[in-house]
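All remarks here apply to the structure that follows.
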Amino acid sequence: ILSLSSSEGTSSNNAPPTRSESLNKLLRYGLVGTWDDNLYGLRFADSSARLLQEKGLLWEAVLADAVEKGISPEDYIKKVSQLVSKFNGHSGKQRKLANYKVTETLRTLGSDGGKGELWYLTGSRSVGKSLILENVAEELNASGKCSVLNVDGRQYNTHLLRALVASLAQDENRLEAVIEKLPPAQRKGLSIMLSSIFIRAKTDAERNRIQTANFKRLVSSPLTTATDVSLPEFLGAFVEASKGRGEYPVIMIDAVDKVFNMRSEADKHNAIDVLDLIIRMTRQEGQASVVMATTADTLDFPDRLDQLPWSTNYISKFIIAEEVAPLEMKKTMMHEWGCGENLALGLMSLYGGHVMNAMDAVHDLAHHKQKIGGNSVLGTMTDAPGNCLSERSITSSIFGNGMKTKVKQALHDLGEIGFLPLETGKEPFAEIILKERAGFLVMRSSKHFAGIPPEAWQKPLPNSTVLPKYMLVPECNTMRLLLKEKY
């Protein structure tokens with residue numbers, strides 16, 4: 001466990017005179033109690049367990065900054081709230097903040113090291129995975145080096161072909177290039193499919209233009225019987241069209257667990273066919289690269305794939321989108337949001353690098369001032385620790401009541417240490433914690449995850465010579481405070 005003193009003066013011994021005793025407590029025992037540029041950490045004490053419940057702590061940070069700036073606290077937090085709204089509406093800034101390491105990795109798609117790849121992207125909820133994919137897809141398409149289809153499994157579920165067609169329709173030139181690679185009957189079939197799909201566009205006028213162009217194409221097509229286009233045929237045309245434009249084809253599938261939900265035997269057979277097609281296009285023939293993405297609470301998705309006649313060994317890279325690192329988070333709050341140091345460190349003390357929670361807290365402060373507690377913006381997250389030991393979770397599982405002690409100990413360790421080494425991702429107590437969204441799994445292949453010291457991967461499991469293959473970690477940094485509060 002790192003125990004590094006911040007050079008910014010979070011210790012109460014060096015605290016500025018404007019900081020109250022309660023604010024000093026927040027900065028000393030919250031998530032910046034021990035931290036460095038890349039890692040949040042707690043200096044544990046009984047005080048840590050009550051920080052999220054105590055009302056007025058963040059308002060104390062507002063008061064301290066307002067005194068230093070020489071303005072009223074109301075005017076100060078109003079201005080910060082306005083800048084946060086501006087930041088949130090400026091997609092370029094927000095996306096830039098959303099884990100630059102992951103962004104830089106995805107930008108290599110289509111380059112010499114990013115061809116014929118199958119990558120798996122995951123991370124906890126609301127850390128910006130979808131924004132990262134959207135931003136990188138936009139950049140790569142604009143570069144002229146790649147042709148990227150970015151689809152959302154939440155919108156289309158198992159209908160992957162419709163999702164891909166809808167994504168392609170947002171770029172008329174690329175759409176025309178793909179259509180030209182299809183026989184006349186399939187062109188007509190694709191146009192009919194397009195007419196029944198809601199096309200995502202930046203404006204209604206843009207959407208109407210796309211749909212009008214498709215209608216003209218449909219009515220002017222040869223008088224042939226329309227033939228449905230299969231997924232392999234569509235992807236084959238997409239690959240050929242991309243090559244013709246001098247671009248490398250890339251497919252991003254967000255919420256991939258929705259695409260491969262495998263609830264029925266038919267779903268399983270369809271999943272196998274699609275996965276086999278993806279493997280052939282990527283790892284075997286190098287015709288395209290594919291990124292599959294999902295949230296951390298569905299990180300057992302690769303295990304579900306392993307239950308099929310398919311192997312996750314085909315996945316060439318596992319990538320985890322983490323919260324924003326402390327140094328970058330603090331810079332953003334002070335330079336982009338207009339926060340003083342006290343408010344920036346106060347927000348980080350409760351929410352770590354979770355941008356959405358921190359933004360919500362700023363808006364709450366502007367409206368409710370000293371009345372809000374740190375847990376006011378967490379929603380159902382506050383229920384997760386207790387739900388892990390509920391009768392529903394324990395007795396309804398196949399594990400029985402004897403599992404309660406193991407679950408409770410694991411939750412205590414996650415709050416205290418921040419990670420728990422495992423040999424398998426199918427440990428019964430871990431499955432309960434995953435199901436209730438109190439934690440998620442980090443695979444050994446993602447060993448650069450910031451919340452886990454590198455040496456932890458080299459330490460054998462208790463009473464064993466086997467090295468850990470997984471680490472169970474809290475759902476987010478704030479979850480450590482919740483676990484400390486409960487256990």
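The values are calculated or read from the model by the stated rules, or taken from the named source; none is laboratory data. In this text, all values refer to a predicted model and were calculated from it rather than measured experimentally. Glycine gets a Cβ as well: all are built from the backbone with ideal geometry, and neighbour counts include every protein chain shown.
Regarding G346, is this residue in a helix (DSSP H, G or I) and surrounded by fewer than 20 Cβ atoms within 10 Å (Cβ to Cβ)? Before you say what the answer is, go through the steps one by one.
Values: in a helix (DSSP H, G or I): yes; surrounded by fewer than 20 Cβ atoms within 10 Å (Cβ to Cβ): no.
No; evaluated as a whole, the condition is false for this residue.
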Subject >> Where a residue in region 246-270 is touching a residue at least 60 places away in the same chain (Cβ under 8 Å) and its partner, wherever it lies, is surrounded by fewer than 22 Cβ atoms within 10 Å (Cβ to Cβ) and among the charged types (D, E, K, R), with Cβ under 7 Å and at least six apart >> reply: E247/K145; Y248/K115; Y248/K145; D254/D152; A255/D152; A255/R154; K258/R154; N261/D267
Original post:
Can you name the residue in region 181-204 that is in a helix (DSSP H, G or I) and among the polar types (S, T, N, Q) and, of all such residues, is modelled with the lowest pLDDT?
Top reply: S195
Original post:
Which one of the conditions (1) among the hydroxyl-bearing types (S, T, Y); (2) under 19 Å from the mean Cα position of the chain (by Cα); (3) buried (at least 18 other Cβ atoms within 10 Å of the Cβ) does S445 fail to meet, given that it meets all the rest?
Top reply: (3)
Subject >> Residue check for I452: closer than 30 Å to V84 by Cα and of a type in the set (A, V, I, L, M, F, W, C) >> reply: no
**OP:** Considering (1) surrounded by 19 or more Cβ atoms within 10 Å (Cβ to Cβ); (2) in a helix (DSSP H, G or I), say which one S147 fails and leave the rest.
**Re:** (2)
**OP:** Would you confirm whether any residue within region 135-142 is surrounded by fewer than 23 Cβ atoms within 10 Å (Cβ to Cβ), modelled with pLDDT under 90 and within 26 Å of G353 (Cα to Cα)?
**Re:** yes
Original post:
Counting only residues that are among the basic types (K, R) and under 19 Å from E431 (Cα atoms), which one in region 466-485 is surrounded by the most Cβ atoms within 10 Å (Cβ to Cβ)?
Top reply: R480
Subject >> Which listed residue, of V178, V102, V148, is under 23 Å from S316 (Cα atoms) and at pLDDT 90 or above >> reply: V148
